[in-house]
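The values are calculated or read from the model by the stated rules, or taken from the named source; none is laboratory data. A quick note: this is a predicted structure, and the numbers were derived from the prediction, not measured. Please note: Cβ atoms are built from the backbone with ideal geometry, for glycine as well, and neighbour counts cover all protein chains shown.
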Amino acid sequence: MKSTIKKIAAFGLAALMTASALASCGGSGDKSSEASKTDSTASTASKLGDGSKGKVYWLNFKPEIDETLQALAKDYTKQTGVEVKVTTAASGTYSQTLTSEMDKSNPPTLFVIGNQQGVKEWGDYALDLTNTDIAKELNTDAYNLTDDNGKLVSIGYCYECYGIIANPDLIEKAGHKMDEIKNFEGLKAVAEDIHKNADKLGFDAFSSSDMDDSSSWRFTGHLANLEYFYEEKEAGGWKECPATLTGKYMENYKNLYDLCINNSLTDPKDLATGGHDAENEFKTGKAAFFVNGSWEYAAVSEDVKNATMIPYYCGVEGEEKAGLNCGTENCWAVNANVSGDDQQATIDFMVWLVSDKNASAKMVEQLGIMPYKNAAESTNGFLNDAARYTEEGCYVMDWATNYQPNVDEYRAALVSALNAYNADQSDANWDAVKTAFVDGWATQYKAANAQ
């Protein structure tokens, strides 16, 4: 939801444990790099000990799952005899708590490294998880974090997603099928046809795209991600916030933004002040599409039982293989400085959490979904949509938007420019949007880095 995403972005700017800046699945490296990785993996494997002789100490990042983790720890100890301790850092104190706990004689064996800043600060403390039993349980590499040498520092254990929520029943009522929507061309044809016939159908294509504080983050944060993501993808992945943007994919952002505001229940000129309930418009069948995320599933599925989520189709070449925008701030790292027995015990415990039927079901109930092939199925339909796209070989659109520098100032300028464009969709006003989007990034980067 809005507050969660803004909190994540703010944490990223503070260089604390934040939402991860995820890298896309990349190609294979050169032979020397692969050989080095193989040597590293063999070395790691030789250090692992006997898990039955070790113990586990998890410094947990998510206070809301503490009760569940305490119960699971007891269950595992009862089943295996292996001691499992879970300590949960208070909200907003993880970085400080981790620093303190790592200095103790019995430090955490399992902890969180959630972004590239964390990799820089804590990567040396992390065991290379390449080819470990827990890494073999993953169903995607999209939530892995590596260092500059390719060491697998941490792996995601849950994630959220956002995209375009759709009502298949309304789309069929309009004479179309979901199968028609495989790219921007298909989405545009369906949305424009619904909008053209809205009076006759009794519903429109998109719910309202308000630009007030309760809604603008969906377009200045989430939707903006499509431009950042494709720039990042073309650059081979971002390891840190880039000082500038090229704006190469601004036309694609415009494609989808225009589609949202011009095929909607609300006139674009009326978006600035807000006051429209986009969620309720979708739930009550007044709109076929709703731009939002997985956290909306419980609310909208009460009324739209078969609601589904589709990617940000925007006209990029090859987007038929696009998946949803997925990200996480929750990535497991295993302490490289504890004994081999403790490392193996920790990995064994991790494998149990993601593969045991009952344990993984309890984890998924709390976390929504886990990117592991043997984990229990999520009850969140939108997260299951994300997993389905991944299973079908689609690429994950990672949360590159979390790199936005001076996020509040940057987004405020973008809102102002978009409001002017909404009121008058001239080329000059769109040029002002591009200026706020691209030049504004460079300006805020300099401000954030005191340049």
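I'd like to check something: does the range 146-168 contain any residue that is under 23 Å from GLY340 (Cβ atoms), within 16 Å of the chain's Cα centre (by Cα) and β-branched (Val, Ile, Thr)?
yes
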### Task
Kindly provide the set of residues from the range 95-116 that are buried (at least 23 other Cβ atoms within 10 Å of the Cβ) and polar (S, T, N, Q), ordered by number.
THR109, ASN115, GLN116
### Task
Taking the residues in the range 89-133 that are among the aromatic types (Phe, Trp, Tyr) and in a helix (DSSP H, G or I) as candidates, determine which candidate is farthest from the chain's Cα centre (by Cα).
TYR125
### Query
Are any residues in the range 420-442 crowded, with 19+ Cβ neighbours inside 10 Å and either without any contact (Cβ under 8 Å) to a residue 60 or more places away in the chain or within 22 Å of ASP270 (Cβ to Cβ) (or both), and if so, which ones?
TYR421, ASN422, TRP430, VAL433, ALA436, GLY440
### Which numbered condition ALA235 misses (of (1) under 18 Å from the mean Cα position of the chain (by Cα); (2) over 28 Å from ASP169 (Cα atoms))
(1)
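For (1) outside any helix (DSSP H, G or I); (2) polar (S, T, N, Q); (3) more than 24 Å from the chain's Cα centre (by Cα); (4) under 20 Å from ALA436 (Cα atoms), each residue gets a yes or a no:
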site: ALA272; (1), (2), (3), (4): yes, no, yes, yes
site: GLY275; (1), (2), (3), (4): yes, no, yes, no
site: VAL291; (1), (2), (3), (4): yes, no, no, no
site: ASP303; (1), (2), (3), (4): yes, no, yes, no
### Query
Checking CYS331 against (1) buried (at least 22 other Cβ atoms within 10 Å of the Cβ); (2) touching a helix residue (DSSP H, G or I) at 6+ places or on another chain (Cβ under 7 Å), which test does it fail?
(2)
### Summary
Within the range 134-176, of all residues that are small (Gly, Ala, Ser) and outside any strand (DSSP E or B), the one nearest to SER264 (Cα to Cα) is ALA174
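Among residues belonging to the range 300-320 that are of a type in the set (Val, Ile, Thr) and within 28 Å of THR379 (Cβ to Cβ), point out the one that is surrounded by the fewest Cβ atoms within 10 Å (Cβ to Cβ). If you could, list the steps in order and put the result at the bottom.
Initially, the range 300-320 is screened for residues of a type in the set (Val, Ile, Thr), giving 300, 304, 308, 310, 316.
Imposing the further condition that a residue be within 28 Å of THR379 (Cβ to Cβ) reduces the set to 300, 304, 308, 310.
Numbers: VAL300: 20, VAL304: 21, THR308: 18, ILE310: 20.
Residue satisfying both the conditions and the ranking: THR308.
Among the residues of the range 205-228, are any of a type in the set (S, T, N, Q) and free of Cβ contacts under 8 Å to residues at least 24 places away in the same chain?
Initial filter on the range 205-228 (of a type in the set (S, T, N, Q)): 207-209, 214-216, 220, 225.
Checking the rest, the ones that are also free of Cβ contacts under 8 Å to residues at least 24 places away in the same chain come to none.
Scanning the range 205-228, I find no residue that is of a type in the set (S, T, N, Q) and free of Cβ contacts under 8 Å to residues at least 24 places away in the same chain, so the answer is no.
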### Task
Taking GLY123 as meeting all but one of (1) without any contact (Cβ under 8 Å) to a residue 40 or more places away in the chain; (2) under 19 Å from ASN60 (Cβ atoms); (3) touching a strand residue (DSSP E or B) at 6+ places or on another chain (Cβ under 9 Å), write down the number of the exception.
(2)
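If you take just the helices (runs of 4 or more DSSP H) that sit entirely in the range 331-421, which of them hold at least 1 residues that are in the same structural domain as ASP124 (by TED's automatic domain parsing), under 30 Å from ASP103 (Cα atoms) and of a type in the set (Val, Ile, Thr)? Walk me through how you get there before you give the answer.
Working: elements: 340-355, 357-367, 381-391.
Correct list: 340-355.
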### Message
Residues that are part of a loop (DSSP other than H, G, I, E, B), β-branched (Val, Ile, Thr) and under 24 Å from the mean Cα position of the chain (by Cα): does the range 310-325 have at least one?
### Response
yes
